[in-house]
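Single-structure report; data block below.
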Amino acid sequence: MLRVAVVGSGPSGVYTAQGLVQQDPGVRVDVLDRLPCPYGLVRYGVAPDHEKIKSLQNTLRTVLEHERVRFLGGVHIGSGGVPAARLRELYHAVVYCVGAATDRHLGIPGEQLPGSFSATEFVSWYSAHPDAAADSFVLGARSAVVIGVGNVAVDVTRILARGAAELSPTDMPQPALTALTASRVTDIHMVGRRGPAHARFTTKELRELGTLPEAEVIVDPAELALDPAFADPAALPAVPRRNIEVLRGWAGRAPRGAARRIRARFFLRPVELLADGGRVGAVRFERTAPDGRGGVVGTGRYEEIEAQLVLRSVGYRGVPLEGLPFDAERGTVPQSAGRVLRGGAVAPGEYVAGWIKRGPTGVIGTNRPCAKETVTSLLEDAAALVRRELPGDPVDGLRALGVEPVEWAGWQAIERAEAELGASLGRGVVKLPDWESLRAAARGVP
Ligand SMILES: Cc1cc2nc3c(=O)[nH]c(=O)nc-3n(C[C@H](O)[C@H](O)[C@H](O)COP(=O)(O)OP(=O)(O)OC[C@H]3O[C@@H](n4cnc5c(N)ncnc54)[C@H](O)[C@@H]3O)c2cc1C
Ligand SMILES: NC(=O)c1ccc[n+]([C@@H]2O[C@H](COP(=O)([O-])OP(=O)(O)OC[C@H]3O[C@@H](n4cnc5c(N)ncnc54)[C@H](OP(=O)(O)O)[C@@H]3O)[C@@H](O)[C@H]2O)c1
């Protein structure tokens, strides 16, 4: 029987496991994750107020509960954990689906000032990721700048703009809920360095900003008009065309006096974060102009936007996993049709799928065809891989290294503990936010 380890239980890992068991009745798959909880960014990235997308976890669950699939949480592969080479010995094949865990940097002065955070840090905090360290995001802030105009920028803008009544029903951890409901942030500036025709958000997500009960969106028609596409959006592909229609609908509207204002800004390139009393006080931008080829050029004119909170939402980045090759420029593992390449040659039995294969773009569904391609490659290679005799149940091999995996029952115990915590707080399910409480819950310790 072919034994495969899938490292990472996000969408790409789960779709890989699903493809394998569906296409090959003779395969057994262990899905390993460094966290005791499955689902990757579906649990720790998808915004808590997007219950419908969050509920995709139920679809992923059915795969992890398949009789030939086993979830093994709390197993870190690479530096400080199980060496990749050892894992390779325990299984016929290993598929790395480890995502892109870190943020890209702006590389401008002041980026590290107190009050400046990556969107990744903010998302991890309100999503209860146990590695989240910072918690002072909105403390003392009146004005926030979100740098970037992708869907993550829209997510963090929306979470900053929502009121207590909207956030309380979510599974947000209690400390984040308490801080956000006490937030005094009244102005949120979401800023793109290019024009609206080149914004990366999708229309549904953009439109939602205009439906928030306690906030209004403000758009300067003169700034939209800087984009040559604004005059003739009909020539644009569907998504930017609809985005411009939505922005046009907001442009120049009289303010209705909502408690919070979201300002969608364009053609402003961040050049420096300015300090005020030892922490960030403003962001300095250079006004840009379209270069006619989809890019922008600086105009030499500058503008400062007040901000006690800056969230840098300029994309994610893969991190190297010790023992695996890494393309530092792209932040991905070199591969061909999902087969890992070492020095340009196929490394037998090693595969990748998802963001660590393609880079950090694409919605959950994009990972399905991506995983399918990898599964096809693996099953083509299976006859040769399965010839190698394995030492026995891989879990015994992990235990021999001092690793005690959190199995499915442990994860179910975490789910019960989160339901109980929510009930005790008069809320629905509330996520446990730290390693200690997750581990205790997984062991069944109340
Ligand atoms: C903030 C945010 C919000 C998003 N919201 C949406 C949305 O609303 N709708 C949508 O369609 N898409 C959304 N996306 C995109 C979607 O989440 C991604 O396309 C998808 O999660 C990528 O899947 P993945 O499996 O490659 O990576 P991930 O989901 O990141 O999964 C990687 C997994 O690998 C594990 N792992 C990492 N390193 C190791 C290691 N060394 N050892 C063991 N395990 C490891 C991690 O713990 C994690 O569980 C969002 C993305 C972000 C960043
Ligand atoms: N609801 C959803 O479906 C949902 C929610 C969240 C995330 N996602 C998906 O997850 C993926 C990642 O999203 P993301 O928002 O992190 O990335 P993204 O879509 O790549 O957007 C990154 C943004 O950062 C900007 N940027 C990059 N470098 C910059 C710099 N140096 N200075 C200023 N701005 C800079 C980019 O502008 P340029 O274009 O000019 O480079 C772009 O506006 C996307 O595919 C997204 O659709 C989906």
Fill in the blank from the handout: Just one listed residue, out of 155, 135, is of a type in the set (Asp, Glu) and more than 13 Å from ligand 1 (Cβ to nearest atom), and it is 135
Practice task
State which residue is most open to solvent (accessible area, probe 1.4 Å) when the search covers only the stretch 403-430 and only residues that are assigned to a loop (DSSP other than H, G, I, E, B) and closer than 22 Å to residue 81 by Cβ.
Solution key: 404
Practice task
State yes or no: is residue 41 closer than 14 Å to residue 97 by Cα, of a type in the set (A, V, I, L, M) and within 16 Å of ligand 2 (Cβ to nearest atom)?
Solution key: yes
Practice task
Scan the stretch 277-286 residue by residue and report those that are open to solvent by 60 Å² or more (accessible area, probe 1.4 Å) and either under 25 Å from residue 262 (Cα atoms) or touching a residue at least 60 places away in the same chain (Cβ under 8 Å) (or both).
Solution key: 279, 284
Problem - Hits in the stretch 108-139 (condition: touching a Lys or Arg at 6+ places or on another chain (Cβ under 8 Å) and away from ligand 2 (no atom under 13 Å from the Cβ)) - result: 113, 114, 115, 116, 117, 128, 138
Handout entry: Candidate set from the stretch 332-345 (those that are among the β-branched types (Val, Ile, Thr) and under 21 Å from residue 29 (Cβ atoms)); member that is surrounded by the most Cβ atoms within 10 Å (Cβ to Cβ)
Key = 333
Problem - Output for the stretch 163-178, where each listed residue is in contact with a Lys or Arg (Cβ under 9 Å, 6 or more places away or on another chain) and closer than 18 Å to residue 135 by Cβ - result: 170, 171, 172, 173, 174, 177
Problem - Cross-chain or 6+ apart pairs with Cβ under 6 Å, the stretch 190-201 first and at negative phi, then of a type in the set (Lys, Arg) and away from ligand 1 (no atom under 16 Å from the Cβ) - result: 191/265; 193/269
Exercise for the section: Sort out which residues of the stretch 314-331 are open to solvent by less than 40 Å² (accessible area, probe 1.4 Å) and outside any loop (DSSP other than H, G, I, E, B), and write them in order of number. Expected result: 316
Handout entry: Only listed residue being assigned by TED's automatic domain parsing to the domain that holds residue 39 and more than 14 Å from ligand 1 (Cβ to nearest atom), chosen from 353, 440, 371, 383
Key = 383
Completion exercise
So, first residue free of Cβ contacts under 8 Å to residues at least 24 places away in the same chain and surrounded by fewer than 21 Cβ atoms within 10 Å (Cβ to Cβ) in the stretch 159-171, second residue assigned to a helix (DSSP H, G or I) and polar (S, T, N, Q), Cβ within less than 8 Å, six or more apart or across chains; the pairs are 164/181
Exercise for the section: Pull up the stretch 87-104, narrow it to residues that are in a helix (DSSP H, G or I), over 23 Å from residue 39 (Cβ atoms) and in contact with a strand residue (DSSP E or B) (Cβ under 9 Å, 6 or more places away or on another chain), then point me to the one that is farthest from ligand 2 (Cβ to nearest atom). Expected result: 90
Practice task
Output the residues belonging to the stretch 287-313 that are in contact with a strand residue (DSSP E or B) (Cβ under 9 Å, 6 or more places away or on another chain) and open to solvent by 40 Å² or more (accessible area, probe 1.4 Å).
Solution key: 290, 291, 297, 299, 300, 301, 302, 303, 304, 306
Exercise for the section: Could you tell me whether any residue of the stretch 56-63 is within 12 Å of ligand 1 (Cβ to nearest atom) and aliphatic (A, V, I, L, M)? Expected result: yes
Problem - Scope the stretch 226-247; condition modelled with pLDDT under 95 and not in a loop (DSSP other than H, G, I, E, B); matching residues - result: 228, 229, 230, 231, 233, 234, 235
Handout entry: Looking only at the stretch 431-445, and only at residues there that are part of a helix (DSSP H, G or I) and surrounded by fewer than 16 Cβ atoms within 10 Å (Cβ to Cβ), the one that is nearest to the chain's Cα centre (by Cα)
Key = 435
Fill in the blank from the handout: Restricting attention to the stretch 112-136, the residues that are open to solvent by less than 10 Å² (accessible area, probe 1.4 Å) and either farther than 30 Å from residue 414 by Cα or without any contact (Cβ under 8 Å) to a residue 60 or more places away in the chain (or both) number exactly 1
Problem - Where residue 356 falls short, out of the listed (1) within 16 Å of ligand 2 (Cβ to nearest atom); (2) surrounded by fewer than 24 Cβ atoms within 10 Å (Cβ to Cβ); (3) aliphatic (A, V, I, L, M); (4) over 20 Å from residue 22 (Cα atoms) - result: (2)
Practice task
Please enumerate the residues belonging to the stretch 84-121 that are within 30 Å of residue 389 (Cα to Cα) and among the acidic types (Asp, Glu).
Solution key: 89
Problem - Matching entry among 80, 107 (being assigned to a loop (DSSP other than H, G, I, E, B), within 30 Å of residue 282 (Cβ to Cβ) and either within 12 Å of ligand 1 (Cβ to nearest atom) or open to solvent by 60 Å² or more (accessible area, probe 1.4 Å) (or both)) - result: 107
Practice task
Kindly indicate whether any position in the stretch 50-64 is open to solvent by less than 10 Å² (accessible area, probe 1.4 Å), more than 16 Å from ligand 2 (Cβ to nearest atom) and in contact with a Lys or Arg (Cβ under 6 Å, 6 or more places away or on another chain).
Solution key: no
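The values are calculated or read from the model by the stated rules, or taken from the named source; none is laboratory data. Please read these numbers as outputs of a predicted model, since none were measured by experiment. No Cβ is skipped: glycine too gets one built from the backbone with ideal geometry, and neighbour counts run over all protein chains shown. Each accessible area value is taken on the protein alone, full model and side chains, heavy atoms only, with ligands, DNA and RNA left out. Shrake-Rupley method; radii C 1.70, N 1.55, O 1.52, S 1.80 Å.
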